[in-house]
1. Mind listing whichever residues of the range 39-51 are of a type outside the set (A, V, I, L, M) and assigned to a loop (DSSP other than H, G, I, E, B)?
2. Keeping to the range 12-38, report how many residues are in a strand (DSSP E or B), in contact with a Lys or Arg (Cβ under 7 Å, 6 or more places away or on another chain) and open to solvent by 20 Å² or more (accessible area, probe 1.4 Å).
3. Can you give me the number of residues within the range 57-75 that are over 20 Å from Gln110 (Cα atoms) and buried (at least 18 other Cβ atoms within 10 Å of the Cβ)?
4. Can Ser54 be described as out of contact with any Leu (no Cβ under 7 Å at 6 or more places or on another chain), part of a strand (DSSP E or B), over 21 Å from Gln110 (Cβ atoms) and of a type in the set (Gly, Ala, Ser)?
5. Counting only residues that are part of a loop (DSSP other than H, G, I, E, B) and in contact with a strand residue (DSSP E or B) (Cβ under 6 Å, 6 or more places away or on another chain), which one in the range 87-115 is farthest from Ser30 (Cα to Cα)?
6. Can you name the condition, by its number, that Arg38 falls short on among (1) within 14 Å of Thr109 (Cα to Cα); (2) of a type outside the set (Asp, Glu); (3) modelled with pLDDT under 95?
7. At pLDDT 95 or above, of a type in the set (Gly, Ala, Ser) and not in a strand (DSSP E or B): is that true of Gly65 in this structure?
8. Taking the residues in the range 81-115 that are in contact (Cβ under 8 Å) with a residue 24 or more places away in the chain and among the charged types (D, E, K, R) as candidates, determine which candidate is least open to solvent (accessible area, probe 1.4 Å).
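The values are calculated or read from the model by the stated rules, or taken from the named source; none is laboratory data. The model shown is predicted, which means the values in this text are computed figures rather than measured ones. Neighbour counts run over all protein chains shown; Cβ positions are idealised from the backbone, glycine included. Accessible surface is based on the protein model in full, side chains and every heavy atom, while ligands, DNA and RNA are left aside. Shrake-Rupley method; radii C 1.70, N 1.55, O 1.52, S 1.80 Å.
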Amino acid sequence: QVQLVESGGGLVQPGGSLRLSCAASGTIFSIAVMGWYRQAPGKQRELVATIFNSGVTNYGESVKGRFTISRDNGKNTVYLEMNSLKPEDTAVYYCNMYYRFRDYWGQGTQVTVSS
């Protein structure tokens, strides 16, 4: 059974930074694709970033150059470093694990960018 628990969300001013963490249970973390997605009110869930077990990363266009995804296989944890935050980054951020054609999701953490 896989469980994903996000933390680190909150309220931040425009231009500020936040670091999200996602701790995973189970034994497949090190070989799974990990990712972050987000969903703003009234919008579809969208890709923020993914990271393969090789370390290769992929980012959504709107966050390239501002966000960085990383993983620590020894701690079963994936991180999302978010810099230069904008009001349009406001959303619920979800941690995702993809393994053998199956998606696992965390409960989400709210990020609000507002002055």
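1. Pro41, Gly42, Lys43, Gln44, Arg45
2. Here the count works out to 1.
3. 1
4. In short, no.
5. Thr90
6. The single condition Arg38 does not satisfy is (3).
7. Here the answer is yes, as Gly65 does meet what is asked.
8. Filtering first and then ranking leaves Asp89.
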